[in-house]
Amino acid sequence: MAFKTVSGALLAASMLTVPAFAQDYPERQITMIVPFSAGGPTDTVARLVAERMSADLGQQIVIENMGGAGGTLGAGRVASAEADGYTVLLHHIGMATAATLYRSLAYDTLEAFDYVGLVTEVPMVVVARQDFEPADFPAFVDYVKANADDLTLANAGIGSASHLCGMLLMQSLEASLITVPYQGTGPAMTDLLGGQVDIMCDQTTNTTQQIQGGTVKAYAVTTPERLDLFADLPTGTESGLADFNVSIWHGIYTPKGTPAEVNERLATALQSALADPGVAESMANLGTAPSTAEDATPAALKAKLEAEIARWQPVIESAGVYAD
């Protein structure tokens, strides 16, 4: 009987531990792992929201870039981190596609993480070197189909946003281009600007400056409707590419087993950051917008990840291109 009394007391104490921990959280600096290089589009999004989240949390969120293997190295680092809310992951759509692209991952995508919320969905733009011959997107489609064997399509590496968009573009055009992978978005864009490669499909967060400066030639956006930022660019649907719709969504994750109260506290800070007019303005200048308060939640991110894994699996398997 005494044993039961002591056990009950210990159980009650343990039940109080998590809420107390969550109430005090955070008590020190938080590390946000970005599984891509500094200066890239995902890094840009991460630094934008981390600054505002830090203000809400009262503790600094420090960005740590850990690129490699299409984002899986950084994701794996967070999957194996202590589940205390002090190591978080900001990843893009590659979180979903890695589940199929990598046939032997060090972690189970759906089982190794808990969820904080969606951050933003970034549109993509099909761009080409400045002197690329076609005058508009319909002409681009015809030209690429006729010259696919001689054209190069740059990307930032297998599993990157530009790789996924390029793969979907080739599938929609029913044309196989010469793909040229780089170690990051920066080198890929540099060679496009220099005319060493012909075409690239990448996020507006990485292409807006070049498009507005006229240093690359923009042809189309990957969204169902035209973008206010580039109102003169058609959608793929307008040109008969009904399946060419893709946006690069970003979400924040924590290691599996992180207390729910901690994830909710991070979600509250994320929602506060995304509601900030300065963040909205900065994102608008990059051709995107903050996620709604309803989407910046653990449940919404979990549902998005599950749906996107199911969506991309047949696309990747059809292409037959894997990262391992």
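Summary table below
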read-out: Surface share of carbon and sulfur [accessible, 1.4 angstrom probe, percent] for the stretch 190-236; value: 43 percent
read-out: Distance between modelled label sites at Asp324 and Ala135, nm, 7 Å Cα→Cβ extension; value: 5.0 nm
read-out: For Ala296, residues with placed amide H under 5 Å, excluding near neighbours; value: Leu118
read-out: Segment Glu261-Lys145, length gained on full extension (0.36 nm per residue, minus Cα span); value: 36.5 nm
read-out: Accessible solvent surface per residue of the stretch 27-159, calculated while the other protein chains remain in place, 1.4 angstrom probe, Å²; value: 37 Å²
read-out: In Hz, Karplus ³J(HN,Hα) per residue of the stretch 162-170 (6.51, -1.76, 1.60; θ = phi - 60°; x = Gly, Pro); value: 5, 5, 5, 5, x, 5, 5, 4, 5
read-out: Share antiparallel - DSSP beta bridges, the chain, percent rounded to 5; value: 60 percent
read-out: Within the stretch 190-243: Cβ-based charge dipole about Cα centre, in debye rounded to nearest 20 (Lys, Arg +1; Asp, Glu -1); value: 120 debye
read-out: Estimated D of the chain in µm² per second, where Rh is the Kirkwood radius over Cα pairs and Stokes-Einstein applies at 20 °C, 1.002 mPa s; value: 104 µm²/s
read-out: Straight-distance crosslink candidates among aspartates and glutamates, where the alpha carbon sits under 15 Å from Lys256 and sequence neighbours closer than 8 are dropped; value: Glu82, Asp84, Asp108, Glu111, Asp114, Glu264
read-out: FRET efficiency, Thr215 to Ala275 (Cβ-Cβ, R0 30 Å, nearest 0.05); value: 0.30
read-out: Neighbour net charge for Leu48 - beta-carbon separation under 15 angstrom, K R +1, D E -1; value: -4
read-out: Estimated inter-spin distance, Gln196 and Ser80, nm [label 7 Å along Cα→Cβ]; value: 3.3 nm
read-out: Surrounding net charge for Leu266, when Lys and Arg each add one and Asp and Glu each subtract one, Cβ distance under 11 Å; value: -3
read-out: Of Ala323, Ser282, Ala267, farthest towards positive along the dipole that unit charges on Lys, Arg, Asp, Glu beta carbons give the chain; value: Ala267
read-out: 222 nm mean residue ellipticity, helices alone, for the chain (DSSP H n ≥ 4; -39,500 (n - 2.57); rounded to 500); value: -14000 deg cm²/dmol
read-out: Protection proxy ranking, peptides 151-161, 221-231, average beta carbon neighbours within 10 Å, highest first; value: 151-161, 221-231
read-out: Computed accessible area, Lys304, all protein chains, 1.4 angstrom probe, square angstrom; value: 50 Å²
read-out: Spatially proximal aspartates and glutamates relative to Lys145 (Cα-Cα < 13 Å; intrachain offsets below 8 disregarded); value: Glu174
read-out: Distance (nanometres) between label positions extended 7 Å along Cα→Cβ at Leu110 and Ser176; value: 3.1 nm
read-out: Dipole magnitude of the chain, debye to nearest 20 (Cβ charges: Lys/Arg +1, Asp/Glu -1, about Cα centre); value: 740 debye
read-out: Amide H within-cut-off set for Gly184, under 5 Å, with H built and near neighbours excluded; value: Gly157
read-out: Nearest-10 value in Å² for the accessible area of Arg311, using the 1.4 Å probe; value: 90 Å²
read-out: Approximate shape of the stretch 218-262 as ellipsoid semi-axes (Cα gyration tensor, √5λ), whole Å, largest first; value: 36, 12, 7
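The values are calculated or read from the model by the stated rules, or taken from the named source; none is laboratory data. Owing to the predicted nature of the structure, the values given are computational and were not obtained by experimental measurement. Positions of Cβ are generated from backbone atoms using ideal geometry, with glycine treated the same way; all protein chains shown enter the neighbour counts. Quick note on the areas: whole protein, heavy atoms, side chains included, nothing else; ligands and nucleic acids left out. Shrake-Rupley method; radii C 1.70, N 1.55, O 1.52, S 1.80 Å.
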